[in-house]
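So the structure is just underneath, and the comments pick up after that.
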Amino acid sequence: MNRRTFIQLGVGAASVGLLGACATGLSGATATAADAAAWNAAAFHAARRFVATSFGEIAYVERGQGPAALFLHGFPLNSFQWRGAMAYLAPYRRCIAADFMGLGYTRVAEGQSVAPDAQVDMLATLLDRLGVDSVDLIANDSGGAVAQMFLVKYPQRVRSMLLTNCDVENDSPPAAVVPVIEAARRGRFALETFPPQLADHAFARSEKGIGVQCFTYPDHPSDEAIETYFTPLVSTPQRTQLTDAYAMGLDPNPLAGIEAALKRCTQPVRIVWGTGDTIFSPASPHYLDRLFPNSRGIRFIEGAKLFYPEEFPEVIAHEARQLWATL
């Protein structure tokens with residue numbers, strides 16, 4: 001795979017103290033960890049449901065009961081990213097994770113935009129169909145940009161927000177993603193990126209694939225994660241075009257001009273940031289902490305890379321519960 005068709009990153013070293021940071025502060029972790037591990041790809045596929053909307057048939061999974069939490073995944077992943085965190089948090093929330101249009105298993109209506117503003121309205125419609133009035137948002141990567149836009153457009157529907165490594169107004173799209181967008185405009189990103197990684201999972205976990213670039217540990221993503229994430233992205237010519245369209249929707253900056261509105265949002269916001277991520281600026285978590293008037297501060301996860309929420313769902317669960325306890 002040509003490196004220009006995916007994110008170009010250096011190889012960062014994960015801290016040996018990361019596991020200890022992830023394991024602390026969560027009662028009942030052993031039993032819940034076993035439950036999370038049991039929610040494998042087969043079980044996750046079996047749990048998937050679809051809601052018919054004007055945007056298309058939106059794929060989602062849910063688990064648990066009570067007040068709703070909405071999980072927004074990164075690019076080019078899908079809701080499978082949140083399986084571990086959802087398992088941990090199901091005793092406390094009705095956990096809902098949808099696949100964005102253009103990614104995952106959502107069946108997009110013909111001619112439908114898959115740009116971030118359209119994703120925001122799709123999510124609002126999905127929540128309406130599910131009978132959900134308000135949510136606690138948990139988001140990663142480009143899902144974090146959508147979360148911020150959702151908060152501004154539908155503030156009455158958001159109780160709290162937990163942001164992991166993601167876009168901010170002055171770093172969107174980040175420089176590392178520009179080659180992805182350029183390849184997508186040529187119609188080459190999806191075709192040159194995902195078939196080689198589906199054909200060779202070891203390659204996918206290498207420095208030329210998604211693994212070393214976006215995951216903390218060398219055995220991630222797993223074989224089943226690679227198949228679950230990448231198979232739908234190139235399953236048909238139409239899906240390949242939608243994958244490229246999602247990437248193109250990241251430019252121009254979807255967060256341009258949003259800062260003033262975010263400064264008026266009073267919902268509690270917690271930032272949990274992996275320091276091994278070289279896609280988004282290390283200044284971004286500090287920017288977010290200053291931006292939100294009700295910021296509950298930053299937790300840094302030493303050495304963790306962009307998609308660490310999949311690798312360390314205990315961290316997400318612990319931080320979410322801590323945040324929700326203050327509502």
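The values are calculated or read from the model by the stated rules, or taken from the named source; none is laboratory data. Since the model is a prediction, treat every value here as computed from it, not as a measurement. In this analysis, Cβ positions are derived from the backbone assuming ideal geometry, glycine residues included, and neighbour counts consider all displayed protein chains.
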### Query
What pairs can you find where one residue is in region 101-115 and under 13 Å from Ala247 (Cβ atoms) and buried (at least 24 other Cβ atoms within 10 Å of the Cβ), the other is modelled with pLDDT of 95 or more and of a type in the set (Asp, Glu), and their Cβ atoms are less than 9 Å apart, with a gap of 6+ or different chains?
Gly102/Asp244
### Task
Quick one: count up the residues across region 278-305 that are among the aromatic types (Phe, Trp, Tyr) and in contact with a helix residue (DSSP H, G or I) (Cβ under 6 Å, 6 or more places away or on another chain).
0
### Query
Does Asp219 meet the test of being part of a loop (DSSP other than H, G, I, E, B), modelled with pLDDT of 95 or more, surrounded by fewer than 17 Cβ atoms within 10 Å (Cβ to Cβ) and of a type in the set (D, E, K, R)?
yes
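Across region 170-201, what is the total count of residues that are closer than 19 Å to Thr236 by Cβ and outside any helix (DSSP H, G or I)?
So the answer is 2.
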### Query
Within region 180-189, can one find any residue that is surrounded by fewer than 22 Cβ atoms within 10 Å (Cβ to Cβ), free of Cβ contacts under 8 Å to residues at least 40 places away in the same chain and either in contact with a Leu (Cβ under 9 Å, 6 or more places away or on another chain) or closer than 29 Å to Ala38 by Cβ (or both)?
no
### Task
State the number of residues belonging to region 299-317 that are part of a helix (DSSP H, G or I), touching a strand residue (DSSP E or B) at 6+ places or on another chain (Cβ under 9 Å) and not acidic (Asp, Glu).
4
